[in-house]
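What follows is a short report on a single structure.
Nothing in this text is a laboratory measurement; each read-out follows from the coordinates by a stated rule. Being a predicted model, the structure only gives us computed values, none of them experimental. Methodologically, a virtual Cβ is constructed for each residue, glycine included, from the backbone with ideal geometry; neighbour enumeration extends over all protein chains shown.
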Amino acid sequence: MPIRPRSSIRGAFAFVRTVRRWRVRSWVAFNLCLLVAVAIGYLHFTSPPPDVSPEAYDRIALGMTWREVHAVVRAAPGGYGCYWGPGEVRTVLSGPAARWDRWGSPDGILEVGYDASGRVCAKRLQHRPDRPASHPEAWPWWRRLWDRTVPTAEPSAIYDPF
């Protein structure tokens, strides 16, 4: 009697039989991990890129609240790509900032400082005037994901997320 080679489909059925024997806690743990992975993937793929441009910088006024600034920039603070400076720097300061929000993209770096009451007291934009700003609402999903990182605490001429 000749020996038959194992079929890959038999291995798949063996996995299905193993999964069918899982306990309830194994099913819950597996489905919970799957749900978390799907939620993180969905949020990552659908997160909008920031509007880092001179136009957005001009729309941000001293005294605005955190919500008003985020409505202008249209994204959570963070890094959405690498910016290779140096470039033109525009700064407005009216007092010391208690905390900062920072957005980075290939178009530039936008920083907004808030005072103790949560109002804008400083803003800074570093961008290259020879390069027109892209329109983030027209970016494809893969461009939003490319080199997406958290910006550093210190600004630099080369926007390096680490």
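Tabulated data for the structure shown
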{"item": "Chain lengthening between Thr18 and Glu55 when straightened (0.36 nm per residue, less Cα-Cα)", "result": "7.5 nm"}
{"item": "Karplus (6.51, -1.76, 1.60) ³J(HN,Hα), θ = phi - 60°, over the stretch 23-30, in Hz, Gly and Pro reported as x", "result": "7, 4, 5, 5, 4, 5, 5, 4"}
{"item": "Which of Glu55, Glu68 has the fewest Cβ neighbours within 10 Å, and the rest in rising order", "result": "Glu55, Glu68"}
{"item": "Relative contact order of the stretch 30-115, defined on C-alpha pairs under 8 angstrom at six or more residues apart (%)", "result": "29"}
